[in-house]
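Input: a single structure, listed below in structure tokens.
Quick note: the coordinates plus some simple rules give every number you see, no bench work behind them. The structure displayed is predicted, hence computed values, not measured ones. Here the Cβ positions follow ideal geometry from the backbone for every residue, glycine too, while neighbour counts run over all protein chains shown.
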Amino acid sequence: MSADKKLDPATALIHHGYRPPAGFEAPQPPVHKASTVIFPNVAALRARSWKSREGYTYGLHGTPTVYTLEERIATLEGGLQTLLVPSGPAAIALVDTALLKAGDEVLIPDNAYGPGKELARQELAGWGITHRFYDAMNPASLAACIGPSTKLVWLEAAGSVTMEFPDLRALVRIARERGVLVALDNTWGAGIAFDAFELGDGLGVDISAHALTKYPSGGGDVLMGAVTTRDDALHLKLKASHMRLGWGVAANDAELVLRSLPSLPLRYAAHDAAARQLAQWWAGQSSIVQVLHPALPGSPGHEHWSSHCRAAAGLFSVVFGERIAPERVDAFVDALKLYKLGFSWAGPVSPVVPYTLSMMRDAPAWKGVLVRFSIGLESADDLIADCAQALKASGLG
């Protein structure tokens, strides 16, 4: 086509020749959206691989925006490589599906995140992958469960809802001695509370799964997960499954997490301080038989938290005594005004959820009704006042 031939407007609007000048810099990374990635020539198309970040192949395999977030999460977690997935449960699913096959066994803490346990009970079991639940607070329980077919051990710190903090170093050491890979659900720690890949004594996990939905996002408006590693071969094994399963994240969602990341340490510290203040207040309430917060003396695993951690997430739970009917606990929750009834956590609003633990745990046998609080960014004094008025309104204060 002649260089001076004028293009039809329909074509010119698509094949416009303008390119903005290079060198633009701003505090926030630009947002790159693409399904199709354009190659300069056939040689470049044939030379590029989805396995590396040296170039771009297809939007699902990464854009500059996604690569930037992956690198920043890897830095946060202390890893070398990160893969992004659409949610926290998807991060767990990626690890399981990439590393396990029929005949393999996975070991999961009894106090782990419920959807991860259900994935093992349903999908993994249907594919011929067996599982066992172990007591994370008893390293001997893990040691007794590891067998010839065990290929993966999951850890979680702190435990979901009941907030027990395990001896991570002891659990990793047991798995290492048996040559079994270790994956950690690190959503609670968020890369801030402790170093998952350097727990001390030369020990660290192989994989960190993280629900970026929580603290990295911080706004309660993004669903995303991450899987971080330090080993190239392990990363490529996970990345191959990631590619085949077609998992990717939207550039606008990546943008929101990137925007929130710089304030993560400040927000985590604020959530931590307020939650400890609330937990201490609850410890003095007569209707409560136990406050579950790893940083609180007397909470299960407090000594392990003290030796592993430098901070704590803004989560804690309170256990009402057996003499208090579940209906009265529900009335207390309904009487709260600032707290909002809902799942998830780590955003500006403080969610609360009551749980019947006998329906969640295989062992031990928990008694009473538990209420989990996630402290947001409201004034701790106002949240305490709200709890006090709800206790009084429900006849529990």
Over the Cα atoms, compute the radius of gyration (one decimal) and Dmax (the largest Cα-Cα distance, rounded to a whole number) for the chain, in Å.
23.8, 88
Residue by residue through segment 231-244, the couplings from Karplus 6.51 cos²θ - 1.76 cosθ + 1.60 with θ = phi - 60°, in Hz, x for Gly and Pro, are 9, 4, 5, 5, 4, 5, 5, 5, 5, 5, 5, 4, 5, 5
Note down the net charge around residue 195, summing +1 for each Lys or Arg and -1 for each Asp or Glu among other residues with Cβ under 11 Å from its Cβ.
-1
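Do the alpha carbons of any pairs in 214/337; 101/237; 117/367 sit beyond 19 Å of each other, and which pairs?
Details: 214/337 23 Å; 101/237 13 Å; 117/367 21 Å.
Long pairs (Cα-Cα over 19 Å): 214/337; 117/367.
Can you say what percent of the DSSP beta bridges in segment 42-263, counting only those with both residues inside, are antiparallel? Round to 5.
Numbers: 11 of 27 bridges.
In segment 42-263, DSSP labels about 40 percent of beta bridges as antiparallel.
Just rank 224, 243, fewest to most, by other beta-carbon atoms within 10 angstrom.
Values: 224 26, 243 17.
If I rank by nearby Cβ atoms, fewest first, I get 243, 224.
Full extension from residue 388 to residue 198: what is 0.36 nm times the residue separation minus their Cα-Cα distance, to one decimal in nm?
Working: separation 190, 0.36 × 190 = 68.40 nm, distance 4.13 nm.
Working it through step by step, the gained length comes to 64.3 nm.
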Each residue of segment 167-175 in order: what ³J(HN,Hα) in whole Hz does its phi give by Karplus 6.51 cos²θ - 1.76 cosθ + 1.60, θ = phi - 60°, with x for Gly and Pro?
7, 4, 4, 5, 5, 5, 4, 4, 5
Output the 0 to 90 degree angle, nearest 10, between the alpha-carbon long axis of helix 88-99 and the longest principal axis computed from the alpha carbons of the chain.
70 degrees
If you restrict to DSSP beta bridges whose two residues both lie in the chain, what percentage is antiparallel, to the nearest 5?
60 percent
Give me the mean projected area, in nm² to one decimal, of the convex hull enclosing the Cα positions of segment 42-263.
12.3 nm²
For the peptides 23-34, 263-274, what is the packing order when you average, over each peptide's residues, the other Cβ atoms within 10 Å and list the highest mean first?
263-274, 23-34
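Of all beta bridges DSSP finds with both residues in segment 264-393, what is the antiparallel percent, to the nearest 5?
On the way: 14 of 16 bridges.
Bridges in segment 264-393 that DSSP calls antiparallel: roughly 90 percent.
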Out of residues 5 or more away from residue 295 or on other chains, whose amide H comes under 5 Å of its own, with H placed 1.01 Å from N in the peptide plane?
none
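For segment 1-105, what is the convex hull (Cα atoms) projected area averaged across all directions, in square nanometres? Don't jump to the answer; show the numbers that get you there.
Numbers: hull surface 47.2 nm².
The orientation-averaged projected area of the Cα hull of segment 1-105 comes to 11.8 nm².
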Here FRET efficiency (C-beta to C-beta, residue 343 to residue 52, R₀ 41 Å, nearest 0.05) is 0.65
Taking amide H positions as placed in the peptide plane 1.01 Å from N, state which residues far from residue 369 in sequence (5 or more) or on other chains have amide H under 5 Å from it.
320
Against the longest alpha carbon principal axis of the chain, how many degrees, from 0 to 90 and to the nearest 10, is the axis of helix 64-77 turned?
40 degrees
Helix 251-260 versus the longest principal axis of the chain: what angle, 0 to 90°, nearest 10, using Cα atoms?
50 degrees
Ignoring everything except DSSP H segments at least 4 long, calculate the 222 nm mean residue ellipticity for the chain; use -39,500 (n - 2.57) per segment, divide by total residues, nearest 500.
-10000 deg cm²/dmol
At each listed q (0.14, 0.22 Å⁻¹), what is the log10 of I(q)/I(0) that the Debye formula gives for segment 265-328 modelled as equal alpha-carbon point scatterers?
-0.44, -0.90
Taking amide H positions as placed in the peptide plane 1.01 Å from N, state which residues far from residue 134 in sequence (5 or more) or on other chains have amide H under 5 Å from it.
108, 110
In the Gaussian network model of the chain, springs joining C-alpha atoms below 10 Å, which of 103, 116, 59 carries the largest mean-square fluctuation?
103
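Calculate, in nm to one decimal, what residue 41 and residue 7 gain on full extension: separation in residues at 0.36 nm each, minus their alpha carbon distance. Please report the intermediate quantities before stating the final value.
Values: separation 34, 0.36 × 34 = 12.24 nm, distance 2.29 nm.
This chain segment gains 10.0 nm when fully extended.
Compute the Kirkwood hydrodynamic radius of segment 264-393, taking the inverse of the mean of 1/r over all pairs of distinct Cα atoms, and give it in Å to one decimal. Could the numbers behind the result be given before it?
On the way: mean 1/r = 0.0665 Å⁻¹.
Computed over Cα pairs of segment 264-393, the Kirkwood hydrodynamic radius comes out at 15.0 Å.
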Give me a comma-separated list of calculated 3J(HN,Hα) values for segment 134-149, in order, Karplus coefficients 6.51, -1.76, 1.60 applied at θ = phi - 60°, integers in Hz, x for any Gly or Pro.
10, 7, 5, 8, 9, x, 5, 5, 5, 4, 6, 8, 5, x, x, 8
What percentages, rounded to whole numbers, describe P(r) for segment 187-255 computed over all alpha carbon pairs with 5 Å bin width beginning at zero?
3, 14, 21, 21, 20, 14, 5, 2, 0
Rounded to the nearest Å, the spacing of the alpha-carbon centers of segment 153-170 and segment 70-98 is 19 Å
Spin-label pair residue 118/residue 310, simplified geometry with 7 Å Cα→Cβ offset, distance in nm
3.7 nm
Whole-angstrom gap from segment 273-321 to segment 220-256, using each part's C-alpha centre:
33 Å
